[in-house]
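Structure record follows, encoded as structure tokens.
Every read-out reported here was derived from the displayed coordinates using simple, explicitly stated rules and does not represent laboratory data. Quick caveat, the model's predicted, so the values are computed rather than measured. Backbone-built Cβ (ideal geometry, glycine too); neighbour counts: all protein chains shown.
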Amino acid sequence: MKLNKRYFRSIKSNVSFYVSATVLTIMTLFLFFMMNIAGKAIWEFGDEFFISQNVEDANFTTYLPISEEEIEELEKEYSLQLEPQYYSNIETDDVTARVFKKTNEINLYSVTEGRDVENNDEVIISEGYAVFNEIALGDPITIGEKEYTVSGFFQRPDYLYMLQNESDSYKNVTTFFLAYVTDEEYENIGGDNCLYLVCYEEDNQIEFRKEVNDRYYMRTYISAQENMRIDMVKMQAEMFVAISYIILAVMPLVVVVLVSIVINRKVKSEQKLIGTLTALGYKKSKLMLHYAGFAMIPGLFGGILATIFTMIFAQPFGEVCLADYEPMRIECHMNPVATLLGIVVPTIMYVLAAMHSVNKLLKKDTVLLLNGNAEQGQKNYKKILAKKKISFRIKYAFRSLIGNPSRTFVVFLGIFLGSYIALLGYSFLDTMDNTKQNMVDEMGSFEYQYVLNELIEGNEYGGEPIIMSAVENETGDQFSIIGTTDENSYLELKDTEGNDIVLEEGYYITSVTAMLQNVQTGDDMTLLNPLTLEEFEITIAGIIDNDMQNAVFGNREDVAEILGIDENVSNVIMSDVELDIPEDKVIQTIKKADAKEQFQNMSNQMNVMVYFLIGMGAIICVASIYIAVNMLVSENRANISMLKVLGYKDKMINQIVLSVNHILLPIGYLCSIPLVFSTTNWFMVFLAEFIGVLPKAYIASQSFIYTAILACLSYFGSLFLLRRKVSKVDMVESLKGNRE
């Protein structure tokens, strides 16, 4: 007898199992491959673009200008590149254009379509804004009071992540864009904003920063590592790659467990055949390898097909993951190591499960195997509820669930996984929407924050003047320090227990900063003034319930001392209405409405990924339940046949046999909810490292309903597909004395 002949017959008779197991493998590996590809592509593009365009190491502003001669002196003395970047913010119909003067050494722009400007009536604009607003080459665009012709699109290395202000949480391509005109035209525009770009060639930045502050009085300093416009590229790439391996470690292995249980039960169902082969002299190793071949099919084919599908969809999917950035010209390709892992991991697990099952059976007595009684030592669940006067249907369902725990677990796991993945997708959208609707108000009742380019004394413009600046910790992480008074009507500061904060009692840290810095009440923190590089040690008096601001709050006097300024001056004004402040006095205007819009945009960009997760959850749910219930029907062919002999119609038999697992539907769904909250919370904590904001995990009531409907449709859809399996069982089956 040649065992190899059984492969084709087994696949033909169990095609539903192999198809379902292969689909499960494909779906889980597909997401792993795609996330890994997107992360690698973004990473590679960012590294190459930053080098070719000579991205800055830092940028800073000063109160006193640095002349060209002094720039040359600083470059020679400290072995670095230093270049001024002039720009002008021009608002036209609520759209802000940031017009730059060309630089020659640092942050060089790259024309991606069309050509560079040649005439004074031409302009090139940032590509993301052009794509979003459907602006084509040759179209007119108005900046200020003049109309220009768009001659090209471009990208800058320090604006791949298009933030209008450094304090923003998400990109803006709706009401903000970058532009370049000719040098002559720029002089006509008259831009007077200047920041200095620096690239360090040696490790002497501390001495350089002290020198600049002593001579020119630094106003701001932002390193590339703290500049979200630059660092977000690498951080999100790292996030995609990290998540991909988490997916590989969790999702495929969970599906492996599911499929392995099924393989284990299929091996046990063939114990008579295994006993016969053993009696005929087949060695243990031969039989183990034979059944390993069956188990290898869904893993190997699933891995190969997932690889093929990924190769087909890699480029469009990778481009979907670029939604947060300016349009990148990336080439998405599969990582050989990730590809090998994706094929090998599930295949090995399936094979080991089959070999373990056969090995376990072969330890039994051959006579027991031949009689199909290798599991006779197990508890007899047929006696459960034997003396209870309840319906046969309930007894049958209860015995089936209790007597076949592994099969019951497969059904539960399928419902649980499908519900978990679908609800997780909804939770991401709901969390962002809740942040936009409710959490943004945690910042305070102000609607505007005006950041001034000078220190003012008094309150000539209205609103509430405060002191605000950036500080660093010992590792270089930046966050804000805010000096105000307890009488500030725009801030209702409360601690995490709901008590009012009294700033005169010391320094208070927001809850998101406490989490990011791993600081608790009573802890000491060392702060570094990024301008003077002086160190200060503070003690945290309490934690403010605020997940929207990465900041430390203190009274004006204490904060002014850290910043080295007079306690009576201010550089930021809060207001609940728009104030009439001269434009040349304002560096930036932070609007609460803009923060809400950013989270709405973030939610919109997540839609494609979320709906992919929801679809994936539905497929996993259908495939898992189909496998498990198909196994239930196959293992109960004799019982189904006997019911037919006793006169039961197919409809009634379906109600008895296929309704066994109905109770698992609400249980699996409800068990997925706490894990969804945990996963969403973990992801938001992970995201907070990038955006400095900690959205609270939230799921809307309608999302629970949608997921429940999806789980029910998937579950009952699988049962509907299996109704024909019951009708195909012949009454003769119960008379054969076997369960094949």
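Taking the average, over residues, of other Cβ atoms within 10 Å as the packing measure, peptides 69-81, 424-436, 445-457 rank 424-436, 445-457, 69-81 from highest down. Between 663, 195, 307, the Cα set farthest toward the positive side of the dipole of the chain (charges on each charged residue's Cβ, about the Cα centre) is that of 663.
Below 8 Å between Cα atoms, with a sequence gap of 6+, how large is the relative contact order for the chain in percent?
17
Segment 125-152 and segment 195-223 have Cα centres spaced 35 Å apart.
For helix 664-691, what angle does its Cα long axis make with the longest principal axis of the chain, in degrees from 0 to 90 and rounded to 10? Compared with the principal axis, the helix lies near 20 degrees.
Listed by chain and number, the aspartates and glutamates placed with their C-alpha closer than 12 angstrom to that of residue 210 are 534; residues fewer than eight positions away on the same chain are left out.
By the gyration tensor of its Cα atoms, with a ≥ b ≥ c the square roots of the eigenvalues, what is the shape of segment 568-712: rounded for a/c under 1.5, prolate for a/b over b/c, or oblate?
In terms of gyration-tensor shape, prolate.
Electrostatic bookkeeping for residue 524 treats Lys and Arg as +1 and Asp and Glu as -1; over the other residues with beta carbon under 14 Å from its beta carbon, the sum is -4.
Sequence-distant contacts, meaning Cα pairs under 8 Å at least 6 residues apart, place the relative contact order of segment 448-576 at 41 percent. Tell me, how many Å apart are the Cα centres for segment 39-113 and for segment 642-671? Rounded to whole Å, the Cα centres lie 69 Å apart. Remark on residue 143: its backbone amide H falls under 5 Å from those of 148, a criterion applied only to residues 5 or more positions apart or on other chains, H modelled at 1.01 Å from N. Simple point charges give the picture: +1 on the Cβ of Lys and Arg, -1 on the Cβ of Asp and Glu, and for segment 80-200 a dipole about the Cα centre of about 400 debye. Note on the chain: antiparallel DSSP beta bridges, both residues inside, total approximately 75 percent of the bridges counted.
Relative to one another, the C-alpha centroids of segment 325-367 and segment 486-525 are positioned 50 Å apart. Helical content of the chain, expressed as a calculated mean residue ellipticity at 222 nm, amounts to -17500 deg cm²/dmol (DSSP H runs of 4 or more residues, -39,500 (n - 2.57) each, divided by residue number, nearest 500).
For the chain, a crude dipole built from +1 on the beta carbon of Lys and Arg and -1 on the beta carbon of Asp and Glu, taken about the Cα centre, is about 13340 debye to the nearest 20. Relative to the longest principal axis of the Cα atoms of the chain, helix 228-269 runs at roughly 10 degrees. Taking every DSSP beta bridge that has both ends in segment 80-200, the antiparallel portion is near 70%.
The slack in the chain from residue 677 to residue 104, taken as 0.36 nm per residue of separation less the alpha-carbon distance, amounts to 201.3 nm.
Distance between the 7 Å Cα→Cβ label points at residue 454 and residue 492: 3.7 nm.
Hey, what angle do you get for helix 68-78 against the long axis of the chain, alpha-carbon based, 0 to 90 degrees rounded to 10? Once rounded, the angle reads 50 degrees. When the charge dipole of the chain is built from unit charges on Cβ atoms (+1 for Lys and Arg, -1 for Asp and Glu) and taken about the Cα centre, the candidate among 476, 638, 161 whose Cα reaches farthest toward its positive end is 638. When the listed pairs 146/591; 363/728; 364/728 are checked against a 31 Å cut-off, the alpha-carbon distance exceeds it for 363/728; 364/728.
Sorted on the mean count of surrounding Cβ atoms within 10 Å across their residues, most packed first, peptides 594-601, 281-288 read 594-601, 281-288.
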